[in-house]
2 protein chains.
Amino acid sequence: MMNKSITTLPPGSTIGILGGGQLGRMLALAASRLGFNIHIFCPDANSPAFKVAAKSYSAEYDDEKALAEFARHTDVITYEFENVPADTAAFLSSRIPLYPNEQALSVAQDRLAERRFLAAASIPTAAYASIASIEDLQEAISKIGTPSVLKACRLGYDGKGQAVIKKPDDISGAWKKISGVPAILEAFIPFEREISVIIARSQTGDMVAYDPGENRHHNHILDETLVPADISADTQNKALEFARKIAESLEYVGILGVEMFVCNSSAHDPLYVNEIAPRVHNSGHWTQDACNTDQFEQHIRAICGWPLGDAARHSDAKMKNLIGEDFHQWPQYAARADCNLHLYGKLNVRPGRKMGHVNQIMPKKPDKTSRN
Amino acid sequence: MMNKSITTLPPGSTIGILGGGQLGRMLALAASRLGFNIHIFCPDANSPAFKVAAKSYSAEYDDEKALAEFARHTDVITYEFENVPADTAAFLSSRIPLYPNEQALSVAQDRLAERRFLAAASIPTAAYASIASIEDLQEAISKIGTPSVLKACRLGYDGKGQAVIKKPDDISGAWKKISGVPAILEAFIPFEREISVIIARSQTGDMVAYDPGENRHHNHILDETLVPADISADTQNKALEFARKIAESLEYVGILGVEMFVCNSSAHDPLYVNEIAPRVHNSGHWTQDACNTDQFEQHIRAICGWPLGDAARHSDAKMKNLIGEDFHQWPQYAARADCNLHLYGKLNVRPGRKMGHVNQIMPKKPDKTSRN
């Protein structure tokens, strides 16, 4: 695992990013601060990240001519979203280093592959079963019980591609909603809170993790992340250990987001991994204003073969997403001394669209994790 | 002064910047974070700021066709250097708001105009005289004495366009070095240290100032800025008062840098203004990592009619410029947890060229200004 070929890319090198949304844009801004050039590849001609990049490629992900051109002019390639097509990743990584690696992509793209990977790494998750037919689903419900959640294995996000099964009668409706694609049934975890760990792993295998954040959702979309999370020191240590184990097992390079469920204290095992994201993560945006080195710079450092930066947290933080019409609240946040605004330069406000976020920064309170 | 027409530019507006060096680049990065689009105008086709901008104009400052096009597609214009030609400023400001205003530019471009402006505002400076001939110089030396410094009124920076006169015999040599252009003779101030105040003034006349930094030069180029400066509370208060008075007198909008000389305690008046810069300033780079809102975001907020941000300093800081070959030290700074690297994406290392800077961030020590 150690001492594979490590290439340190000096400032002035060119970083290619697949995907031109807000994550690509914030990666580009962080990389520019370190003196790198940024090229963005994204099918959407209005990508927010295009406006802060040295060069933009507006082409489809299967356009091999454009991909070859993109690869020829960059020194390393990364991505802002986990659904990079496997063929695209293979095409690029045969030409130029691609981080995080293809294994991380394939595990994160397929919920069943992710569950199997986590099981192999002895990381607790909800009970699950692979579902290819309504018979599979009926059999799985008889074992796993209700409530449970039927999920498409691929391309689900923000609650899409999911059907909750509260009682056996819901089976046929859920199957209709999801049917036709490979699916997974998961036991519903009666969690008390969701946390996420943002961890960075370098090309030499060094790792630094940020303090876990506590996530609150609204309409299945992340609404707020609070740091520190209201969890015990034991839970925090276990969460960090899980994240480290996952990053190591994947021989991961870059920022990895790991979402976990913390159950109430009466549950047998209070911590389950829900999902991994092989990229900078919305629940890590608070690091921009509460840490010396934020998740975006860490990711750039890792993929460029630099040493990782300091992930220590100097403040408490509350990150709030500005979604859809929330955007119009920007003046109230701009006027607050305790808030830092981050807006994504998107042209149009649409319901559910992430338009920006606010990091509220507060003096660090005594560590809650000492409560145990 | 208050309530002149204030236009608040919403995120998504386009900011034009004259000049494409590192200051334009860092302004662009800060503005992008707030959701603005950036257009850069600079004659140099390799401008570092071009690589982080939505649109670039590589044209001369007297190219009215290019300037008109630039103005047509931007909502407000600012600049990263004080030597914007007066005709360029007039051409643009007749079409679109230009901040800081033309008065600030004209005062900062001409050392004699600057002295006269400061005198009118009752701000102490070194004794000075306008010099148009060697006879003027001889007469001025007889009044002001030696040591003194002969300076070209325009286009002097980093020690260029200056001649020190240590004794009357130096007069003819100094005159030859500078001659042919309007000049100014200034008494040499036996200063103990140089400080600078970075102050922001909004369109509504609100002002916030950062704590003064203490500047150390090497080969006439800024080498380091230390914050806090080792000055008394009285000196700090006076320095801030001078900066506020200058910003108000100019009806200034944006970030203003004010360099001052602090003399030893036996001097009659311990504080003199040396120079004003109507732009973000190298001695304010430490604010990027030691303050909630840095000088670049403050400047963008001010010119866009936003409220100013929080200028409070949460840490002590030492900013070190990476000049010329210093650039190659980047790996050592990248490896330090207490340092934040900022590199400018310049293609070639040249002696004296500012390639980047490092902000070393340290826990805030008890305030030195309380020593009195």
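A short reminder: the numbers here are calculations on the coordinates, not readings from a lab. The structure presented is a predicted model; accordingly, all values stated were derived computationally and were not measured. All Cβ positions, even for glycine, are placed from backbone atoms using ideal geometry, and neighbour counts span all protein chains on display.
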What three numbers, in Å, describe the spread of the alpha carbons of region A:79-161 along their principal axes, ordered from the longest?
48, 27, 22
With θ set to phi - 60° and the Karplus curve 6.51 cos²θ - 1.76 cosθ + 1.60, what are the ³J(HN,Hα) couplings of region A:30-40 in order, to the nearest whole Hz, using x for Gly and Pro?
5, 5, 4, 4, 8, x, 8, 9, 10, 10, 10
Calculated Rg and Dmax of region B:174-231 using C-alpha coordinates, Å
16.6, 47
Identify all lysines with a Cα-Cα distance to A:Lys166 below 28 Å; exclude those on the same chain that are fewer than 8 residues away in sequence.
A:Lys143, A:Lys151, A:Lys176, A:Lys177
Per the C-alpha gyration tensor (a ≥ b ≥ c, the square roots of its eigenvalues), region A:212-253 is rounded if a/c is under 1.5, else prolate if a/b beats b/c, else oblate; here it's oblate
Amide H within-cut-off set for B:His314, under 5 Å, with H built and near neighbours excluded
B:Cys291, B:Asn292
Over all distinct Cα pairs, what is the inverse of the mean 1/r for region B:1-52, reported as the Kirkwood hydrodynamic radius in Å?
11.8 Å
Which order do the peptides B:280-292, B:123-135 come out in when sorted by mean C-beta neighbours inside 10 angstrom, highest first?
B:280-292, B:123-135
For region A:14-98, inverting the pair-averaged 1/r of distinct alpha-carbon atoms gives a Kirkwood value in Å of 12.3 Å
Over all viewing directions the Cα convex hull of region A:309-358 casts an average projected area in nm² of 4.4 nm²
Given label points at 7 Å from Cα along Cα→Cβ, what nm distances, shortest first, separate B:Pro363 from the same residue in every other copy?
1.5
Any idea what the B:Asp223 label distances to the other copies are, label 7 Å down the Cα→Cβ vector, nm, shortest first?
5.6
Quickly work out the A:His73-to-A:Asp44 label distance, labels modelled 7 Å from Cα along the C-beta direction, and quote it in nm with one decimal.
2.2 nm
Along principal axes, Cα extents of region A:282-372, largest first, whole Å:
38, 37, 25
Quarter of the Cα convex hull surface for region B:127-187, i.e. its orientation-mean projected area (nm²)
3.4 nm²
Quick one: which residues, 5 or more positions from A:Ile131 or on another chain, have an amide H under 5 Å from its amide H? H modelled 1.01 Å from N in the peptide plane, none for Pro or chain starts.
A:Ala183, A:Ile184, A:Leu185
Take the alpha carbon atoms of the protein assembly as shown, find their radius of gyration, then divide it by 2.2 N^0.38 Å using N residues; give the quotient.
1.06
If each label sits 7 angstrom from Cα along the C-beta direction, how far apart, in nm, is B:Val349 from its counterparts in the other copies?
5.0
Region A:29-171 - convex hull of alpha carbons, volume per residue in Å³
154 Å³
Given the rule -39500 (n - 2.57) for each run of at least 4 DSSP H residues, summed and divided by the residues of chain A, what is its mean residue ellipticity at 222 nm, to the nearest 500 deg cm²/dmol?
-7500 deg cm²/dmol
What is the distance in Å between the Cα centroid of region A:40-61 and that of region B:193-220?
38 Å
How much of the calculated P(r) for region A:191-370 lies past 21 Å, in percent of all Cα pairs?
50 percent
From the C-alpha gyration tensor of chain B, square roots of 5λ in Å:
31, 26, 22
Find the centroid of the Cα atoms in region A:310-369 and in region B:119-155, then give the distance between the two in whole Å.
52 Å
Could you derive backbone 3J(HN,Hα) for region B:9-14 from the dihedral phi with the Karplus parameters 6.51, -1.76 and 1.60 (θ = phi - 60°), listing whole Hz in sequence and x where the residue is Gly or Pro?
8, x, x, x, 5, 10
Can you tell me which lysines have their Cα less than 20 Å from the Cα of A:Lys318? Leave out same-chain residues fewer than eight positions away.
A:Lys354, A:Lys364, A:Lys365, A:Lys368
Of B:Gln138, B:Gln332, B:Gln22, the one that fluctuates the most in a GNM where chain B has Cα springs shorter than 10 Å:
B:Gln332
For B:Lys65, counting only lysines whose alpha-carbon sits under 20 Å away and dropping same-chain residues fewer than eight positions off, the answer is B:Lys55
Hydrodynamic radius by Kirkwood for region A:215-312, inverse mean 1/r across distinct Cα pairs, in Å, is 14.7 Å
Using a/c under 1.5 as the rounded threshold, could you call region B:124-268 rounded, prolate or oblate? The axes a ≥ b ≥ c are square roots of the C-alpha gyration tensor eigenvalues, and prolate needs a/b larger than b/c, oblate otherwise.
prolate
